[in-house]
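For reference, the structure discussed in these notes is given below.
The values are calculated or read from the model by the stated rules, or taken from the named source; none is laboratory data. If you're wondering where the values come from, they're calculated on a predicted model, not measured in any experiment. Note that each Cβ is placed from the backbone with ideal geometry, even for glycine, and that neighbours are counted across all protein chains shown.
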Ligand code: NAD
């Protein structure tokens, strides 16, 4: 079998490889992917450092053309790359193709942004002096990504990094190297100079840790768990390094008495269970006021009966498998914890056998949960959600905000008053009204607050904040 290698200083390299396994069919090896060493990582950092002076001064047309070419190729290959994504991560084929299209759109967006780079010219408070404010690239950026969005998250970090003139050392998650390799191959063939984008696949404890320990990374943009995010933060202080951290969530979705029941059920089912609940923006706390509670639980249960859990590539699958054995164990452990804590198992909770050996788990709904239970406070990251009954809107808002996290927060209501109040008072980076907590646009800011995020926002124009540093220049006329 071919080994998909790392790209260091413009050369494909690496003989040590690990198998990329399909969670829908663990007999299927998606491919063999290189597993980089500390030395590979150091070489990649050195290559990115050497490439920075020229790339940081490259023309905006060159950057535009390369980013546009990448966006166009990803779109042209959306079905093939979507299938690769579904095979390595386990989300359904339509979800995977949708994510691939989004990755293409992100490259197209930043291809456009490259042509719109601008600064400000302002008068000085002193006569005869001009002041220019410009944004310059930061330097070598370390990009560390999680497994749950194998193509979109790498795209939304790589595209702005290149657009603003940075060079990159990119370390994807061990479980899903395939889509990352494909993006890097596309950008390499699109004409990126040697060393501008380096790919080092491999272990977090080796490749990732070598990146954290390096004094040569000017910034690290990280998406992943809270624990690893904290390591990134602590190591970065020592190197006076800029960081952007997107981490966990325990996103609430409030359902009020006046909600349109079908809108609420569709939004809640999507939020909690689509993409197997493995989205940082997934909702795992459904906070329901008492007037609609029983009707909502009954309708949700009916809805869950209609959702097929099966092979990600099979037509008609709504929910694919859990990503791997370790995550499946976390999910089933939390289901046991929920039962022990006294929540009522209203639906699911069981492993399912399918035609192929995979990590199949029923969508699982608890009722009679409280916000103090561990299943309500800790991120599970699987198809497991709990219904928390509350008296009224005021209690719902208080419970929604009573969490260490603050990524996304949703409400289902027909009341303009409550929707408006919720938008203003939800302690989250993103608020959704009558929509799932997950599912965001690519051209507007993405990110959270409290324990979910640290640093400036990703995506859209706001990405410039992280990937550039501001210079103020004064000139005597
Ligand atoms: P993880 O923290 O285990 O891994 C993330 C990345 O960090 C991987 O590439 C991993 O190899 C690397 N890593 C591990 N140890 C490292 C170390 N010592 N030094 C440097 N890098 C290291 O997270 P995961 O399990 O891949 O992803 C799931 C988590 O990601 C969930 O908590 C989820 O909420 C979060 N997530 C957040 C967002 C968001 O935007 N907020 C989006 C997607 C996922």
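Assorted remarks:
- Of the set (1) closer than 30 Å to residue 423 by Cα; (2) away from the ligand (no atom under 16 Å from the Cβ); (3) surrounded by fewer than 15 Cβ atoms within 10 Å (Cβ to Cβ), all apply to residue 355 but (1).
- Matching strands (runs of 3 or more DSSP E) fully within segment 1-66 where at least 3 residues are touching a residue at least 24 places away in the same chain (Cβ under 8 Å): 6-8, 17-22, 25-34
- Residues in segment 193-209 that are within 11 Å of the ligand (Cβ to nearest atom) and either at positive phi or in a strand (DSSP E or B) (or both): 202 alone.
- Considered as a group, the residues in segment 210-250 that are part of a helix (DSSP H, G or I), within 9 Å of the ligand (Cβ to nearest atom) and in contact (Cβ under 8 Å) with a residue 24 or more places away in the chain include one that is surrounded by the fewest Cβ atoms within 10 Å (Cβ to Cβ), and that residue is 226.
- Whichever residue in segment 135-148 is under 24 Å from residue 275 (Cβ atoms) and touching a helix residue (DSSP H, G or I) at 6+ places or on another chain (Cβ under 6 Å) and, among such residues, is farthest from the ligand (Cβ to nearest atom): 143
- The lone criterion from (1) within 30 Å of residue 316 (Cα to Cα); (2) assigned to a helix (DSSP H, G or I) left unmet by residue 91 is number (2).
- Of the residues in segment 454-465, at least one is within 20 Å of residue 134 (Cβ to Cβ), away from the ligand (no atom under 16 Å from the Cβ) and touching a strand residue (DSSP E or B) at 6+ places or on another chain (Cβ under 8 Å).
- Whichever residue in segment 155-187 is more than 20 Å from residue 110 (Cβ to Cβ) and in contact with a helix residue (DSSP H, G or I) (Cβ under 6 Å, 6 or more places away or on another chain) and, among such residues, is farthest from the ligand (Cβ to nearest atom): 178
- Positions within segment 455-477 being assigned to a helix (DSSP H, G or I), free of Cβ contacts under 8 Å to residues at least 60 places away in the same chain and closer than 19 Å to residue 144 by Cα, in sequence order: 465
- Test: residue in segment 340-361 that is part of a helix (DSSP H, G or I) and not assigned by TED's automatic domain parsing to the domain that holds residue 147: yes
- Residue check for residue 395: closer than 18 Å to residue 291 by Cα and surrounded by 15 or more Cβ atoms within 10 Å (Cβ to Cβ): yes
- Flag for residue 380 being over 16 Å from residue 268 (Cα atoms) and in contact with a helix residue (DSSP H, G or I) (Cβ under 6 Å, 6 or more places away or on another chain): yes
- Number of residues in segment 117-132 that are assigned to a loop (DSSP other than H, G, I, E, B), out of contact with any helix residue (DSSP H, G or I) (no Cβ under 9 Å at 6 or more places or on another chain) and surrounded by 12 or more Cβ atoms within 10 Å (Cβ to Cβ) equals 2.
- Residue match in segment 76-86 (condition: surrounded by fewer than 23 Cβ atoms within 10 Å (Cβ to Cβ) and more than 22 Å from the chain's Cα centre (by Cα)): yes
- Of all the numbered requirements in (1) away from the ligand (no atom under 11 Å from the Cβ); (2) without any contact (Cβ under 8 Å) to a residue 40 or more places away in the chain; (3) over 18 Å from residue 45 (Cβ atoms), residue 190 misses one, and that requirement is (2).
- Of the residues making up segment 287-301, none is within 16 Å of the ligand (Cβ to nearest atom), surrounded by fewer than 24 Cβ atoms within 10 Å (Cβ to Cβ) and free of Cβ contacts under 8 Å to residues at least 24 places away in the same chain.
- Within segment 407-419, the residues that satisfy the criterion of being free of Cβ contacts under 8 Å to residues at least 60 places away in the same chain and out of contact with any strand residue (DSSP E or B) (no Cβ under 7 Å at 6 or more places or on another chain) are 416, 417.
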